[in-house]
Amino acid sequence: MRRFPAEFESLLTAEGRRVLAGTHAACGALADPRRRFVALDGLVDRDKALAAAALLDRKLRPHLEAMARPIPPEAIADMTESQTDLLPKTARMATAYLDSRREPAYAVAWGLGLVAMLHSASYRAFAAALAGRPLKAEHGIQVLRYGAGDYAGPHNDHHPEMPAAKAGYFDLHLGIATPDVAHQWLVYAKAGHFTEMVSVAKAGGITAYRLPFWHYTTPLVAKRGRAASAARWVVLGTFLYTAGRGSR
Ligand SMILES: [Fe+2]
């Protein structure tokens, strides 16, 4: 692959196209207020996904921003009472926001056709089908790259200071793990406990999130001797709901 297809639909399998047709069982899955998250395999063509990850590794990786938010030492040093542990959001990965031409990776992502694909009609339609609710016309786009040992600690993605997002919003992620990844898991909370866990070490897995809710991503573990080439790319869109209804 030298360039992303103009339409997201071109990455989909026959099963993935059923989401667009409205005939897939997952359509509207996240309209149910009791459901926060779905993970779906087999919707994106594995070979195309791996070719896309290889393209991103070749062209976009040098332009990503390293993100490292370690556990602050005060999280222990400032505690004055047992069992009062407070952990802020911790994470390590590389990322690029693609919402502004001023972002360093934007021109490269544009040249690869990634920006256009993530704004294509079929990408929006795919997101709306899983959300089961109308989505606002504008949406944010971003890429993440987890290398060996990269992770995201427990967090909830709540944005209470943003009026448009504080009542909830929707994320659509395409995850592409290279064959050198041994495992990586998305753990999330249900009924107040971190009981749910799905593998995200998939070459072309779709995950969709009705945010906010508590979740974390375990450290990416490489197969033996493959730490340098093991990676999981996440290509994502963040959507707001159209006004008129609370989202939670
Ligand atoms: Fe998150």
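Here are a few things to note about the model shown:
- The distance from the alpha carbon centre of the range 14-90 to that of the range 136-156 is 5 Å, rounded to a whole number.
- Estimated Rh, the range 174-213: Kirkwood, alpha-carbon pairs, angstrom: 11.3 Å
- Taking GluC sites (Glu not before Pro) in DSSP loop states with no more than 16 other Cβ atoms inside 10 Å as exposed sites, the chain has its longest site-free stretch at 162-248.
- Normalised per residue, the volume of the convex hull around the Cα set of the range 1-127 (Å³): 166 Å³
- Alpha-carbon Rg with Dmax, taken over the range 184-236, Å: 12.8, 39
- At most 11 other Cβ within 10 Å, DSSP loop - trypsin sites (Lys or Arg not before Pro), the range 78-117: ARG101, ARG102
- A DSSP coil position with no more than 12 other Cβ atoms inside 10 Å describes the following trypsin sites (Lys or Arg not before Pro) in the range 6-83: ARG34.
- For the chain, relative contact order (Cα pairs under 8 Å, six or more residues apart, normalised by length) works out to 25 percent.
- Taking all protein chains together and a 1.4 Å probe, the residues SER122, SER199 rank SER199, SER122 from largest to smallest accessible area.
- Debye log10 I(q)/I(0) for the chain, one point scatterer per Cα, at q = 0.13, 0.16, 0.18 Å⁻¹: -0.83, -1.28, -1.61
- Value at 222 nm in deg cm²/dmol, rounded to 500, when DSSP H runs of n ≥ 4 in the chain each add -39,500 (n - 2.57): -4500 deg cm²/dmol
- Positive-end residue of GLY113, GLY153, ALA164, charge dipole of the chain with Cβ unit charges: GLY113
- In a simple Cβ point-charge model (Lys, Arg +1; Asp, Glu -1; nothing else charged), the chain has a dipole of about 600 debye relative to its Cα centre.
The values are calculated or read from the model by the stated rules, or taken from the named source; none is laboratory data. Note that the structure is predicted; figures quoted are calculated from it, not measured. Note: ideal-geometry Cβ built from the backbone for every residue, glycine included; neighbour counts use all protein chains shown. Ligands, DNA and RNA are stripped out before the accessible areas are found, and what is left, the full protein with its side chains, is counted by its heavy atoms. Shrake-Rupley method; radii C 1.70, N 1.55, O 1.52, S 1.80 Å.
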